[in-house]
Amino acid sequence: MINIVLFGAPGCGKGTQAQRLKEHYGIEHVSTGEVIRDEIRRGTQLGRSMEGYISRGQLAPDEIVIGMIASYIADHKEAKGCIFDGFPRTTAQAEAFDEILAQHGLKVDIMVDIHVPEEELVRRILLRGKDSGRADDASEEVIRGRLDVYHAQTAIVSDYYAAQGKYASVNGTGTMDEVFARIADVIDALQ
Ligand code: AP5
Ligand code: MG
């Protein structure tokens, strides 16, 4: 099983590229943000408890997100591979992720970090916000807050994978096809 962590700031293209990678390699895709939004849409107790974090652009508590990923992995351990989009987002999540994967005899193969300049990120999210319906896309203030959270709490997770020799950085600007080709080069080099 090949496990890819797709990493980068809000709006860098994780969801867009995950969809393409999923089709190209025939592997699974899980976005913790999507899982949380689905809980909110369904009005579950978990969803209601997550709503405030998402709408303010803050991270959900580690133990809740780790629990979601643990049950996802238990359900998908026979998959050919998986793209983890937006997880892990803290070092505590990265450490727990390694332990959960190890329990199933699995590991992370690579973190692909998609780099896009800040103003382009804001431009992309504001554009999407016109019709995404996402509470955290609605105002520039919340979008910039999400970027601050990324720099303060999440960016450092790249060091965790770099220390294990499992880190690759790609340029996330240009067309979606160009970005896809850069990521595919990294993945193909693993096999
Ligand atoms: P999450 O859903 O993960 O959102 P995010 O990281 O803020 O990122 P986005 O989904 O906004 O962007 P993306 O990188 O997927 O880019 P996309 O492909 O959509 O998380 C949301 C919230 O959930 C968090 O704030 C937190 O509250 C909570 N959460 C989630 N995971 C968590 C965790 N592990 N721990 C704690 N809390 C967690 O692209 C963006 C736009 O740009 C699209 O419109 C797209 O069409 C466009 N675009 C893409 N590529 C290009 C390109 N090359 N050129 C031009 N436009 C492009
Ligand atoms: Mg996304």
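Read the figures in this text as sums done on the coordinates, not as results from a lab. Computed from a predicted model, the values in this text were never measured in an experiment. Every residue, glycine as well, gets a Cβ built from its backbone with ideal geometry; the counts of neighbours run over all protein chains shown.
Just a few scattered comments:
- Note on the chain: helix-only mean residue ellipticity at 222 nm, from DSSP H runs of 4+ residues weighted -39500 (n - 2.57) and normalised by residue number, equals -17000 deg cm²/dmol.
- Between ALA184 and ALA92, the contour length at 0.36 nm per residue exceeds the alpha carbon distance by 30.3 nm.
- Euclidean distance between Cα centres, the stretch 21-83 to the stretch 99-138, Å: 12 Å
- Cα gyration tensor, the stretch 6-83 - rounded (a/c under 1.5), prolate or oblate: oblate
- Here is the list for the stretch 1-103: trypsin sites (Lys or Arg not before Pro) lying in DSSP coil, each with at most 16 other C-beta atoms within 10 angstrom of its C-beta, are ARG42, LYS77, LYS80.
- Theoretical gain in end-to-end length, ARG144 to ILE64 [0.36 nm per residue, Cα-Cα removed]: 26.4 nm
- Pairs exceeding 28 Å between alpha-carbon atoms, taken from LYS77/LYS130; LYS14/LYS80; LYS22/LYS77: LYS77/LYS130.
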